Amino acid sequence: MNFSKRKNSFSTFATAFSVAVLAIAALPSLTNSIARASGAGLEVEVPFEMKALKAPGLVAPYFVQDHHGAMLVSDQAGGVYSVTFAGKVTALADKTKIKNPAGVAIGPAGFGAYADNVFVLAAAGGIKGACEVERIDKSGAVSTFAKMPDAGATECRDLEFGAANSPFAGKLYAAVSGNATIYAIDSSGKASVFGTYTKPVPFELTTISFPPSSDTKAAGMMLVGMRAKGSFAAKVGRISMVGADGKMKDEVYLVGFIRPSGFAWSPSTFGSYSDELLIADTGKFASENDNERDGVIVRVERNLARPFASGLMDPTDMKFIGSKAVICDPAEKGKGQGAIVIISSML
């Protein structure tokens, strides 16, 4: 199967769900693997190291952002935390202040008076309740910043600020899976529907990202990870392109996943795989899959998807922070017991 790398031209992908979708090329077992975390079975391609970070106090890491070189992490058990690569955990707002958090974002300069404030998409009224955006100011005080305008805005997922110097700049975008909708939120806290994705079938939304300007296929677009709801087929997950008008393009960016949950472009410091697109695929949820470790990381090189790391349980988000890939896996140690997984180059 051909996949696309941003330095190369892209292939045209089939989008019909009535036939078998294109699949990632077999994803064979990694034969050159190192760095097995204690009891976890995490494997990564040489010459990289993959390990679960010991971070006392975190229960089930869910979403992550770069927080001045540390990690800003939401915990499915409640709360939002700053975590260093040495494993020091500092609560920005503990579980008594923010319940059921999902995506996290940090206010950029120019977003009203909220530069460097932390924003959290959370279901404050209960795990199945409506999503709203909470704000943690620099003093640590928590307040509600925005409420989604629809009762069906449940199943909170990702929260991202639009890329600078793009049509999305100056807005905060919230992905909500319950009604397959992305909301745009301005600096006054007003939330409005940006796009709803129920055709050709309703979609489960997983994540939002913005490609670099050098991406010849998706420059100026929003990329959205999604999967057809209620589908029994294995490889129906896709990364779709959404324009500044909120409409999903007919052409698909990448297809052939189970549940694409995080994707990012590696920095120049990421060893022999610098400047490549890496994609985290959750696979089937551990709770539905007898705890099978089918979560994987795939890298895209010369239009081909290549296996990079395996042995993850339920990776739900991935970002690069400095020279390291940071993955949240809320079930890494079993149901409701997760870990932050770090991949770093040994070169």
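The values are calculated or read from the model by the stated rules, or taken from the named source; none is laboratory data. Since we're looking at a predicted model, the values are computed, not measured. No Cβ is skipped: glycine too gets one built from the backbone with ideal geometry, and neighbour counts run over all protein chains shown. For the accessible areas, the whole protein counts, side chains as well, though only heavy atoms, and no ligand, DNA or RNA atoms are used. Shrake-Rupley method; radii C 1.70, N 1.55, O 1.52, S 1.80 Å.
Taking springs between alpha-carbon atoms closer than 10 angstrom, which of GLY78, GLY125, GLY256 fluctuates most in the Gaussian network model of the chain? It is GLY125.
For the chain, give the percent of accessible area contributed by carbon and sulfur heavy atoms, probe 1.4 Å, rounded to a whole number. Provide the component values of the computation, followed by the final result.
On the way: 7070 of 14050 Å².
It is 50 percent, rounded to a whole number.
In terms of distances greater than 24 angstrom between alpha carbons, the cross-link table entries LYS95/LYS171; LYS147/LYS247; LYS51/LYS319 yield LYS95/LYS171. The aspartates and glutamates within cross-link reach of LYS138, meaning a Cα-to-Cα straight distance under 17 Å and a gap of 8 or more places when in the same chain, are ASP66, ASP94, ASP116.
Let me know the charge dipole size of the chain about its Cα centre in debye, to the nearest 20, where only the beta-carbon of Lys, Arg (+1) and Asp, Glu (-1) is charged.
Here the chain has a charge dipole of around 80 debye.
Let me know the shape class of the stretch 201-273, please: from the alpha-carbon gyration tensor, a ≥ b ≥ c as square roots of the eigenvalues, rounded when a/c is under 1.5, otherwise prolate if a/b is greater than b/c, or oblate.
On the way: a/c = 2.47, a/b = 1.36, b/c = 1.82.
Here the stretch 201-273 falls in the oblate category.
Anisotropy class assigned to the stretch 204-347 is oblate, per the alpha carbon gyration tensor with a/c at or over the 1.5 cut-off and a/b no larger than b/c. Computed from the C-beta positions of SER231 and GLU251, the FRET efficiency with R₀ = 25 Å rounds to 0.80. Highest mean first, the peptides 68-75, 107-114 sorted by other C-beta atoms within 10 Å per residue fall in the order 68-75, 107-114.
Rounded to whole numbers, the Karplus 3J(HN,Hα) couplings from phi for the stretch 66-73 are 6, 10, 6, x, 9, 10, 9, 10 Hz, using 6.51 cos²θ - 1.76 cosθ + 1.60 with θ = phi - 60°, and x at Gly and Pro.
Model label sites at SER272 and ASN289, defined 7 Å from Cα along the beta-carbon direction, differ in position by 2.7 nm.
Structural descriptor for the stretch 81-229: relative contact order 15 percent, calculated from alpha carbon pairs under 8 angstrom and at least 6 residues apart. Considering the zone a paramagnetic label at GLU49 would reach in this model (a point 7 Å from Cα along the Cα-to-Cβ line), which residues of the stretch 308-347 have amide N under 18 Å from it? The answer is 309-310, 321-327, 340-347.
Between the labelled values [x] 65, 45, 39; [y] 87, 53, 39; [z] 49, 44, 38, the entry that holds Cα extents along the principal axes in Å as derived from this structure is [z]. Label separation (SER323 vs THR198): 4.9 nm, computed from points 7 Å beyond Cα along the C-beta direction. Accessible surface calculations at 1.4 Å, restricted to protein heavy atoms, place the chain at 40 Å² per residue.
Stretch LEU304-ALA86 to full length: gain in nm at 0.36 nm per residue minus the Cα-Cα span? If you can, show how the numbers build up before the last one.
Numbers: separation 218, 0.36 × 218 = 78.48 nm, distance 3.47 nm.
Fully extending the segment from LEU304 to ALA86 adds 75.0 nm.
Please get the size of the charge dipole for the stretch 141-300, origin at its Cα centre, with Cβ charges of +1 on Lys and Arg and -1 on Asp and Glu, quoted in debye to the nearest 20.
Details: 16 positive and 17 negative charges, 55 e Å.
So the dipole magnitude of the stretch 141-300 works out to roughly 260 debye.
Maximal additional length on extending the GLN337-ALA164 stretch stands at 58.7 nm, based on 0.36 nm per residue less the C-alpha distance. Amide H contacts for GLY256 (H built 1.01 Å from N in the peptide plane; partners 5 or more residues away or on another chain; cut-off under 5 Å): GLY237. Only Cα pairs under 8 Å and 6+ residues apart enter the sum, and on that basis the relative contact order of the chain stands at 18 percent.
Between LYS190 and SER143, what length in nm is gained on full extension when 0.36 nm per residue of separation is reduced by their alpha carbon distance?
On the way: separation 47, 0.36 × 47 = 16.92 nm, distance 1.45 nm.
Result: 15.5 nm gained on full extension.
Taking amide H as placed 1.01 Å from N in the peptide plane, the amide H of GLU276 sits under 5 Å from that of SER266, each at least 5 places away or on another chain.
Between ASN289, ASN117, ASN179, the Gaussian network model of the chain with springs among Cα atoms under 10 angstrom shows the greatest mean-square fluctuation at ASN289.
The mean sequence separation of alpha-carbon pairs under 8 Å and at least six residues apart, normalised by the residue count of the stretch 41-131, gives a relative contact order of 19 percent. Could you tell me which of PHE194, PRO211, GLY225 has its Cα farthest along the dipole of the stretch 186-236 towards the positive end, charges placed at Cβ (Lys, Arg +1; Asp, Glu -1), taken about the Cα centre? Going by the Cα projections, it comes out as GLY225.
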